[in-house]
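Only the coordinates and a few stated rules stand behind these numbers; no lab work does. Quantities reported herein were computed from a predicted structural model and do not represent experimental measurements. Here Cβ is always computed from backbone atoms with ideal geometry, including for glycine, and neighbour counts include all displayed protein chains.
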Amino acid sequence: MSSPKHEKGLARVRYTAVFIGLAAAFAILTVWNINTGSVHISVGNIARIIFLRAGDETEFGIVWKLRLPRIIAAAVLGGGLALSGFLMQTFFGNPIAGPFVLGISSGSKLFVAIVMIVLLRFVNYVTSWMMVLAAFAGALIAMGFVLLAARSIKQMSMLLVAGIMISYICSAITEFLITFAKDSDIVNLHGWSQGRFSGTTWADVRFFVIVVLVCFVLVFLMSKPISAYQMGESYAQSMGVNVKRFRILLILMSSLLAGCVTAFAGPISFVGIAVPHLIKMLLKTAKPILVIPASFLGGGVFCLFCDYIARTAFAPVELSISTVTALFGAPVVIAMLIRRNGAKS
Amino acid sequence: MGDYYFRTSDLSVGYNGKALIHDIEINIRAGEILTLIGPNGSGKSTILKSITKHLAVIKGDSFIADASINAMTYKELSRRLAVVLTERIKGELLTCWDVVATGRYPYTNTLGLLGQEDKEKVRLAMERVHAADLAERDFSAISDGQRQRVLLARAICQEPEIIVLDEPTSFLDIRHKLQLLSILRSMAKEKGITVIMSLHEIDLAQKISDKIMCVSGEVISNFGTPEEIFREEIINELYGISEGSFNIAFGSVELPPPAGEPDTFVISGCGSGISVFRRLQKEDTPFYAGVLAENDVDFQVAKVLAAEVVTEKPFEPIGEEAAARARALIDRCSRVIYAPFPLGTGSARIVGLIEAAREAGKLEETDKVFETK
């Protein structure tokens, strides 16, 4: 047996390695993403375009208007999604809770559909503010229903069933709206609901970077009560956490993050479940103070990777981002469930 | 009132605004151990949860050193009171060290990082419960006994003035029960930490507690020292024991005596008869016992298991009256079991009984009685 001191040293090495690995992956994927596409631009040119803001005008446009905002969207929104998933898993004490599974993405979609289809008939254009507001409201309302169900349902499987049902109801209403929508709206909504990081503008970027980063900082500052909450509600309270207030804060944060991501990138599946789980496995700990930043970084890496595949796998045809995240995320979830059940029996 | 460190006043507890138990008056001094006993579902946990602020009280208040718990914030309370609960900890991927370290929560900064001093306290708390070697083990992969000790260490390093434990000994084997309770005992006596807990094992409650509270029904039936509470009628009534009995002196339970007309007489003394009595009880054979001095250890068991016990006053030689009664009963029986014990000058008449039984061909000695089984 190795001594506790020795093992603690090992743990520290592991944490450092995970963070360095994530940062390296992040950097490599970022460069890769800027570098690849239908128009090839050399690394030297890219560096000049980004840092000196000089170079060929078309290439300049491609890098600044298309590729950079998209990369930032994938990195920041992906991180936000992973964080949102981690918060929901903490809240429900349930490893496969996440914005997509619990019907929160569908709630957002419903409200975005209302804005895109119904509201557009009365006003000329919708701003990203309104979209975010709609998606956030949808997320909160769907979350509200899940919470209502969670109050009387303690079983984890039944809670998920409730989430899936809420998701169906939202989808049904959305479909109903689509029946009466203009073709152009349907195309817009469909494009939105497939999830994508393309078409992100700098105005969008400014907005969601602020929202997501503020949320990230707040969540990071909550890592102490979150660690207490992982022990269960009663213990958290006995450590001095005002559990009622904390629960509200937790749910607000996760809904705000999920709503914001969904508003800009559409509903993206599996990032919220798979990433925090992978991160915990890598770190071999569930300590929020480590898992929160690592999940945020990991979500960015995961989405950059998936977006890279989405863009390049069948170029020039682009896959929707959810197609790729599901392909890589779902096996992780399955593996996790098998592991858990294996550990129990 | 200043005399008492922890007290409740006019406390009513229950769920959803309905009082389950009312007029709870607890008064204990610092460093005392209060144990709540009572049947399952009697409301022990409800009272504990109300004291720890996990459950809103219906009426009344509790006071730690005259500070109202109702008025305290969770944060203030967390520096004075720590808990060990029955609920399972869901946490995954937590080492035992991590779990214990959460006890430092009320004292750490915004991010909850442990200082050198905190780490030292975590280490000491783990040592105190003999769990230092568990530090790096996964909390979900240790035994119940280890888990309970780790949770106690967690409570200890929260540096509370009061520790509240809900059935801390459930699921533990006898060795771990004793270990846990002796840790509590030394903590209370050496550090002056007040302990409030519920226990199922009334024999242990009797031995460890300074104060006992009996919980059953709407009001607290009894509150006092173990000497006051542990009387057969109180315990039998508290748990509604109608079959069998609880022996105060031994702190043990006995099953009800076999019914019917006895055909067996047991002659024993100095504890030689106890195993015979229990054996006969298991075989559902009714029996008489005697002649036992009332201070004989056999008497404690015989009085609840035998159909009749022939007795003599303590420290008196066996008298003629008792011997005559024994002889009368032996005459009714076809079998006399003799469990050998030191026959002194006071037991001359017992020797007479044994001889008479042997002559009548009724006598069996214990080594031979159960041999064939």
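Reported value for chain A: 164 Å³ per residue, from the convex hull of its C-alpha atoms.
When chain A is treated as a GNM with alpha-carbon contacts under 10 Å, the residue of A:Ser167, A:Ser152, A:Ser105 showing the greatest mean-square fluctuation is A:Ser152.
Pair-distance distribution of segment B:95-142: all C-alpha pairs, bin width 5 Å, starting at 0; shares per bin in whole percent are 5, 24, 30, 23, 13, 5, 0. Springs join every pair of Cα atoms under 10 Å in this Gaussian network model of chain B, and among B:Leu255, B:Leu11, B:Leu305 the largest mean-square fluctuation is at B:Leu255.
For B:Glu261, neighbours were defined as the other residues whose beta-carbon sits under 12 Å from its Cβ, and their charges (Lys and Arg +1, Asp and Glu -1) total -1.
Net charge of the neighbourhood of B:Asn236, taken over other residues with C-beta under 15 Å away and scored Lys/Arg +1, Asp/Glu -1, is -4. Residue order for B:Ser347, A:Ser38, A:Ser84, A:Ser198, fewest other beta carbons within 10 angstrom first, comes to A:Ser38, A:Ser198, B:Ser347, A:Ser84.
Residues considered: A:Val324, A:Val101, A:Val118. Largest GNM mean-square fluctuation over chain A, using C-alpha springs under 10 Å, is found at A:Val118. The Cβ shell under 11 Å around B:Gly251 holds other residues with a net charge of -1, Lys and Arg each +1, Asp and Glu each -1. Pairwise inverse Cα distances across segment B:2-59, averaged and inverted, put the Kirkwood hydrodynamic radius at 12.0 Å. With contacts taken as Cα pairs under 8 Å at a separation of at least 6 residues, segment B:6-247 carries a relative contact order of 28 percent.
Over segment A:288-345, all Cα pairs binned in 10 Å intervals from 0 give whole-percent P(r) values of 22, 34, 31, 12, 2, listed from short to long. Separation of the alpha carbons by more than 25 angstrom is noted, of B:Lys211/B:Lys282; B:Lys75/B:Lys191; B:Lys119/B:Lys207; B:Lys121/B:Lys207, for B:Lys211/B:Lys282; B:Lys119/B:Lys207; B:Lys121/B:Lys207. Computed over the alpha carbons of segment A:1-112, Rg followed by Dmax gives 20.5, 64 Å. Across peptide B:105-113, the mean count of Cβ atoms from other chains lying within 10 Å of each residue's own Cβ comes to 5.
Here segment A:183-250 and segment A:38-111 have alpha carbon centers that stand 15 Å from each other.
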